[in-house]
1. Can you tell me, using C-alpha contacts under 8 Å and at least 6 residues apart, the relative contact order of the chain as a whole percent?
2. Using unit Cβ charges (K, R positive; D, E negative) and no other charged atoms, how large, in debye to the nearest 20, is the dipole of segment 14-136 about its Cα centre?
3. So how far, in whole Å, is the C-alpha centre of segment 64-140 from the one of segment 30-56?
4. For the pair Ser15/Leu97, report the inter-label distance in nm, with labels modelled 7 Å from Cα in the Cβ direction.
5. Mind jotting down the three principal axis lengths of the chain based on Cα atoms? Whole angstrom, largest first.
6. Rounded to the nearest 0.05, what FRET efficiency is calculated for Leu104 and Phe77 with R0 set to 41 Å and r the Cβ-Cβ distance?
7. Putting +1 on Lys and Arg Cβ atoms and -1 on Asp and Glu Cβ atoms, find which of Val108, Ile18, Ala57 reaches farthest to the positive end of the dipole of the chain.
Amino acid sequence: MRKLVKFLFGKDLGSETIRYLAAGAVTTVVNFCVFTLMFQAFQLNVTVSNVISISVAIVFAYAANKLVVFRRRSDSFAGLALEFCKFVGSRLFTMALEVGAVELFYGVLGFDARLGKISAQGIVVVANYLISKLIVFRKR
């Protein structure tokens, strides 16, 4: 348990984790607002609304994670492209996880679509942090 706490919060009292949570909160708000706009204002179905909102959130999250959370700079265009591809690939994986979870909560269990979306976000936030920290923005 100590190793997990040290891994998550590090030596600097978790400033990276706190930055991640703050950036994640803003990303979640972006995701949820775009979802609500697509689902309610444009009356798209729940899956299309979800895919659009997650796609917008992925682009926002990459910039936030790279510059604010993990504070990584790229030495070359090739390095930047590889990092972006890893990030997008990992987010596509968690997008599939989120779409499946929303479908489960909304379509199978009968939750309100927005409640299903919020429930799925909890799972996705943890998965995204671990993937970003261990794979995408790993310290060299």
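1. Relative contact order, the chain: 22 percent.
2. Here the size comes out at about 360 debye.
3. Segment 64-140 and segment 30-56 have Cα centres spaced 17 Å from each other.
4. Label at Ser15, label at Leu97, 2.8 nm between them.
5. 44, 39, 20
6. 0.55
7. The one lying farthest along the dipole's positive direction is Ile18.
We did not get these values from a lab; they are worked out from the coordinates using the rules stated. As the structure is a prediction and not an experimental result, all values here were calculated from the model. No Cβ is skipped: glycine too gets one built from the backbone with ideal geometry, and neighbour counts run over all protein chains shown.
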